[in-house]
Amino acid sequence: MIEMFFNLDIMRQSLPLLMGGLWMTLKLCAVVIGLGLVGGLFLSLAATSPRRWLRWPAMAVIDLMRALPPLVLLIFIYSGLPFAGLEMPAFAAVAIAFLLNNSAYYAEVYRAGLESLPKGQWEAARATGLSMPQTLRHVIIPQAVRNVLPDLLSNTVEVVKLTSLASVVSLAELLYQANMARSVTYNSSPLVLAAAIYLVLLWPMVRLVSRYQRKLSI
Amino acid sequence: MTPMLEVAALEKRFGDTTVLRNINLKVGRGELVFVIGPSGSGKSTMLRCCNRLEEPTSGSILIDGKNIMNALSKNLNTLRLQTGMVFQGFHLYPHMSVVRNVMLAQTLAMKRGKAEAKARAMDMLDRVGLAHKADAMPTELSGGQQQRVAIARALALDPKVMLFDEPTSALDPELVGSVLKVMKDLKAQGMTMLVVSHEMGFAREAADRVVFMDGGVVVEQGPPEAIFGNPQHERTRAFLSRVSSH
């Protein structure tokens, strides 16, 4: 039993493969989280805009992306779109699919933060001659982000976990490489090692979210 | 001499409801004009039209002789520097220290340098008696102190007119005096002020003129002795007796 799951020799052998996978996972996270935080912010600003022509399309995109399972979106982009002549490498397909999904989730978090601010903050800023972009940048967004920081972080944890779905389209990220190592070695230890790596990566973030939430509830 | 602020034929409609009808009033240079009236009389909406925080339906708002209704929205930000506004709910920026609250619009809207803005902010905080709180966060201050910081924030932009929207209504009674004192000092220094408030005692004592509004119109206006001592209209009398009875 211990041989099958906690074989240190096999873990050591598969380590280079898993490190390559981890690197890919981190690259994917950097793209999806980085661009997602920015894209989500713009989506949420559009979704809370008083202008209907901005608000409605933004809300439609957010709703659609939150209702669509990310795996369906990924397989559609990777395997469905080539039928329309649109073929792309696995990394691009995964990045686009998860970015769309994830921007919508970030947008919902931001939106809660934006809507939690009293109208007086806008009025005070505008009354002192600040322009709309200045008001957003210096008064509204900093407060909105601060109010939803635990939720942004919590969503980020979800994104890291989400990236393991990329193994479905053979992107050589952490889970894919671990599963590869398992099938080569006929041993489950690489999977245990991969799980441990995810744990080490995410546990501090989960802890941080809990601490924030406790602090806010005081 | 042209008045510092002139509201002429101001109308404001929300959909089918008319909340302001043919409002005309003037605030001379260095004058303190008080607007009183029952809640829902449109006095706050009128005040908020003076810096176009509320967009008037028609009429004109002249500040120092210039009609701000003609301004494109692009230029509105610059025009708003001429009117300092103080709100019932203070609306300080809670994520910035007191001094940064007073500096923000100076650096962004007036393009003052950091050092100049800071010096000016400290001057203004000193004027409202709160220089020692410059590095505090707004939440560490009492309501009265927050409102005085809000006044300093508006003053730092060298406005031509100060607009006060029920500045003491959200304050505990024992904190009202400190804010009224700042307003009295401002008047003594020659600031032009338009004040919407329920502080009748202060109006009697400090106002140059009192405007009584009801149902979206100006019912009567005149010196405080006339409005409080000898009101000409039944609605004014009814309102004043209601207010003084409690």
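Restricted to the range B:5-120, the set of strands (runs of 3 or more DSSP E) holding at least 1 residues that are more than 25 Å from residue B:167 (Cα to Cα) and of a type in the set (Ser, Thr, Tyr) comprises B:17-27, B:58-63. Does residue B:109 satisfy the criteria of being at the interface with another protein chain (Cβ under 8 Å from one of its Cβ atoms), touching a Ser or Thr at 6+ places or on another chain (Cβ under 8 Å) and surrounded by 24 or more Cβ atoms within 10 Å (Cβ to Cβ)? So residue B:109 does not fit the description; no.
Looking at this structure, is residue A:193 closer than 18 Å to residue A:8 by Cβ, of a type outside the set (Asp, Glu) and out of contact with any Lys or Arg (no Cβ under 6 Å at 6 or more places or on another chain)? It is true that residue A:193 is closer than 18 Å to residue A:8 by Cβ, of a type outside the set (Asp, Glu) and out of contact with any Lys or Arg (no Cβ under 6 Å at 6 or more places or on another chain).
Looking only at the range A:146-161, how many residues end up being among the β-branched types (Val, Ile, Thr) and within 14 Å of chain B (Cβ to nearest Cβ)? Adding up the residues that qualify gives 1. A residue that is within 14 Å of chain B (Cβ to nearest Cβ), in a helix (DSSP H, G or I) and not hydroxyl-bearing (Ser, Thr, Tyr) cannot be found anywhere in the range A:165-176.
Inspect the range B:145-162 for any residue being under 28 Å from residue B:242 (Cα atoms), in contact with a Cys (Cβ under 8 Å, 6 or more places away or on another chain) and within 14 Å of chain A (Cβ to nearest Cβ) and give the result as yes or no. No. All conditions in (1) buried (at least 20 other Cβ atoms within 10 Å of the Cβ); (2) over 25 Å from residue A:8 (Cα atoms) hold for residue A:137, with the sole exception of (1). Can you tell me which of A:85, A:120, A:129 is over 30 Å from residue A:194 (Cα atoms), more than 14 Å from chain B (Cβ to nearest Cβ), without any contact (Cβ under 8 Å) to a residue 40 or more places away in the chain and more than 23 Å from the chain's Cα centre (by Cα)? Criteria check complete, one pass: A:85. Remark: residue B:193 matches the filter, which requires a residue to be in contact with a Phe, Trp or Tyr (Cβ under 7 Å, 6 or more places away or on another chain), assigned to a strand (DSSP E or B) and within 23 Å of residue B:89 (Cβ to Cβ).
For residues that are charged (D, E, K, R) and facing chain A (nearest Cβ under 8 Å), tally how many sit in the range B:63-95.
Taking the range B:63-95 and keeping what is charged (D, E, K, R), we get B:64, B:66, B:74, B:80.
This time we only want the ones that are facing chain A (nearest Cβ under 8 Å), so: B:80.
The qualifying residues number 1.
Per the listing A:73, A:18, A:35, the residue uniquely within 25 Å of residue A:110 (Cα to Cα), in contact with a helix residue (DSSP H, G or I) (Cβ under 8 Å, 6 or more places away or on another chain) and buried (at least 19 other Cβ atoms within 10 Å of the Cβ) is A:73.
Please find, among A:107, A:125, the residue that is closer than 18 Å to residue A:46 by Cα, surrounded by 21 or more Cβ atoms within 10 Å (Cβ to Cβ) and modelled with pLDDT of 95 or more.
From the options A:107, A:125, the qualifying one is A:107.
Considering the range A:132-145 alone, what residues qualify as being touching a residue at least 12 places away in the same chain (Cβ under 8 Å) and within 7 Å of chain B (Cβ to nearest Cβ)? Of everything in the range A:132-145, those that are touching a residue at least 12 places away in the same chain (Cβ under 8 Å) and within 7 Å of chain B (Cβ to nearest Cβ) turn out to be A:138, A:139, A:143. Every condition in (1) out of contact with any Ser or Thr (no Cβ under 8 Å at 6 or more places or on another chain); (2) among the aliphatic types (A, V, I, L, M); (3) closer than 17 Å to residue A:36 by Cα holds for residue A:77 except the one numbered (3).
The set of residues from the range B:212-229 being touching a helix residue (DSSP H, G or I) at 6+ places or on another chain (Cβ under 8 Å), part of a strand (DSSP E or B) and crowded, with 21+ Cβ neighbours inside 10 Å comprises B:212, B:213. Of the residues A:198, A:212, the single one that is away from chain B (no Cβ under 14 Å), touching a residue at least 24 places away in the same chain (Cβ under 8 Å), among the aromatic types (Phe, Trp, Tyr) and over 23 Å from residue A:41 (Cα atoms) is A:198.
Take the residues in the range B:112-142 that are of a type in the set (Gly, Ala, Ser) and within 14 Å of another protein chain (Cβ to nearest Cβ), then tell me which one is surrounded by the fewest Cβ atoms within 10 Å (Cβ to Cβ).
Of the residues in the range B:112-142, the ones of a type in the set (Gly, Ala, Ser) are B:113, B:115, B:117, B:119, B:121, B:129, B:131, B:134, B:136, B:142.
Those still in the list that are within 14 Å of another protein chain (Cβ to nearest Cβ) too: B:117, B:121.
Values: B:117: 22, B:121: 27.
Going through the qualifying residues, I end up with B:117.
For the range A:38-68, what are the residues that are surrounded by 13 or more Cβ atoms within 10 Å (Cβ to Cβ) and outside any helix (DSSP H, G or I)? A:48, A:49, A:68 - these are the residues of the range A:38-68 that are surrounded by 13 or more Cβ atoms within 10 Å (Cβ to Cβ) and outside any helix (DSSP H, G or I).
The values are calculated or read from the model by the stated rules, or taken from the named source; none is laboratory data. Remember, it's a predicted structure, so these values are computed and weren't measured experimentally. Note: ideal-geometry Cβ built from the backbone for every residue, glycine included; neighbour counts use all protein chains shown.
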